[in-house]
Structures are given as structure tokens and as C-alpha cells.
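Quick notes on the structure that follows.
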């Protein structure tokens, strides 16, 4: 139970920091570029890993828990508990973000004549779940992003993140304090590279639970219909396959 609580708290911290960052960037316009958003996601991950790494291993991601079970001695019996804890943490983080910023999001919708529950309202729903292409991308070049491009972004991004994680945790010469920083820096780089394509989630719990929460607070079926079945392929299946691929690749490099 202590490990499950660690996963819940760590995922809560990561998702709360990340979603709050999206509000400040996409709704309030506080940041001038993707890198600032990516850096705060990365720092949120550093904090979460540092606080919970010794308690639960700080998976903070169902795809990573699946990869740990396949590649390491992490018990399959713990996977369901880890995934549930991660999902609960992400859902609670979404609720707190809504409590903190709900009125700001509503004001943004009024100012931009966005009717919540319509397809156009993904411009505000993106605070919670993810969509492709990124509704806030500052370029029309991404407008034609298709399912395959978004799938590849999530697959490759998660594979690279998992590769780094499974290399650094086995690296004999790295001091323990540097591991959270290296993983957080990796997430920062990957979000900077892939955010315009898929919003760079790399984490099924981070996407699914905020997406579900947004359905419950006014966006209705839009979060699950705007990209059709693409949300399942891009934000659930692709990260899981990517994490497994990255973990096995790392095992081949560092034993």
C-alpha cells in the first residue's frame, strides 16, 4: 500500500504541475514558447521522482509499469495496483486544476466565443486531455497531422523516454541524485520536439483520466470523439508499445 500511495502522490504531482502549466500557457498566455511548458513538465517529473523514487520506484505511468514488469523483476501482481494508483492520482490532479482554474477557463471560452461541448471546444478541453494536432500550435503547417503522425510521435517519444530511464537506472557510474534530473531533462526535450504534433503525453494515465474528467465537467463526448478512435491508438496504445520497445532496447545496451 505504501508503494501504491507513492505512485498516487507522484502521479498527482506530475499531472498537477503539467496541467497547471498548460492552463498558464494556452489559456492565460503566460509563456512565450513550447520550451517553457516542456521545462515545467520536466521539473514536475524531477520533483515527483525525487519524492517517491525510494517509495515506489516512481513509475508514474502505466506504460512504464508495464515495461518494468516485462524487463525487470517487478512483479506482475503489482501492475494493476500501480496503474489504478496512477490513474487516481491523475484524476485528482485534474480535479484540483479545475477547482483552481475552472473560472479562468470559462472566461477564456466566453472571450473567444467557444461553446463547451462542441468540436471547437477542444481549444479549452486541451487543458485536460490531448488532441492531434495540438490545438494551440502556432502554425498552420501542423493542420494536416494524421493519425499515423501522431501515433509515431507518441510511440517514438515514449520509446526514447523509456530507453533513457532503463539506461540510467542501471548505469553503474551515475550518482542517484542525477537520475531524476536526467529523466526530467529527457522529458523536457521530447515535449519540445513532439508537442506540436500530439501534445506529447507519453503517459496513458496523464491523458485518459484528465480526458475523462473533462467529460464530466461540461465537454461531454467531445474529448472521446474529436479525434475519433485516434485517442485510443495515439495516447494509450502507442505509449505502451513505445515504453516496451525502449525498455528492451536499453536492456540490450546495459545489463
Report yes if some residue within the range 135-144 is assigned to a helix (DSSP H, G or I) and either within 28 Å of residue 47 (Cβ to Cβ) or touching a residue at least 40 places away in the same chain (Cβ under 8 Å) (or both); otherwise report no.
yes
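For (1) over 16 Å from the mean Cα position of the chain (by Cα); (2) under 25 Å from residue 71 (Cα atoms), each residue gets a yes or a no:
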{"position": "170", "(1), (2)": "yes, yes"}
{"position": "174", "(1), (2)": "yes, yes"}
{"position": "179", "(1), (2)": "yes, yes"}
{"position": "192", "(1), (2)": "no, no"}
{"position": "205", "(1), (2)": "no, yes"}
{"position": "229", "(1), (2)": "yes, no"}
{"position": "237", "(1), (2)": "no, yes"}
{"position": "241", "(1), (2)": "no, yes"}
{"position": "247", "(1), (2)": "yes, yes"}
Working carefully through the options 114, 49, find the one that is assigned to a helix (DSSP H, G or I), modelled with pLDDT of 95 or more, touching a helix residue (DSSP H, G or I) at 6+ places or on another chain (Cβ under 9 Å) and over 17 Å from residue 211 (Cβ atoms).
49
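Residue-by-condition table, conditions (1) without any contact (Cβ under 8 Å) to a residue 12 or more places away in the chain; (2) out of contact with any strand residue (DSSP E or B) (no Cβ under 9 Å at 6 or more places or on another chain); (3) surrounded by fewer than 18 Cβ atoms within 10 Å (Cβ to Cβ); (4) closer than 24 Å to residue 43 by Cα:
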position: 69; (1), (2), (3), (4): yes, yes, no, no
position: 73; (1), (2), (3), (4): yes, yes, yes, no
position: 114; (1), (2), (3), (4): yes, yes, no, no
position: 121; (1), (2), (3), (4): no, yes, no, no
position: 130; (1), (2), (3), (4): no, yes, no, yes
position: 147; (1), (2), (3), (4): no, yes, yes, no
position: 156; (1), (2), (3), (4): no, yes, no, yes
Looking at the range 76-92 only, could you name the residues that are over 22 Å from residue 245 (Cβ atoms) and free of Cβ contacts under 8 Å to residues at least 12 places away in the same chain?
77, 80
Determine whether the range 75-93 contains at least one residue that is outside any helix (DSSP H, G or I) and either more than 14 Å from the chain's Cα centre (by Cα) or closer than 22 Å to residue 208 by Cα (or both).
yes
Taking the options 63, 69, 39, 93, name whichever one is modelled with pLDDT of 95 or more, in contact with a helix residue (DSSP H, G or I) (Cβ under 7 Å, 6 or more places away or on another chain) and farther than 18 Å from residue 199 by Cβ.
69
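The values are calculated or read from the model by the stated rules, or taken from the named source; none is laboratory data. On a predicted model such as this, the values are computed, not experimentally measured, just so you know. Methodologically, a virtual Cβ is constructed for each residue, glycine included, from the backbone with ideal geometry; neighbour enumeration extends over all protein chains shown.
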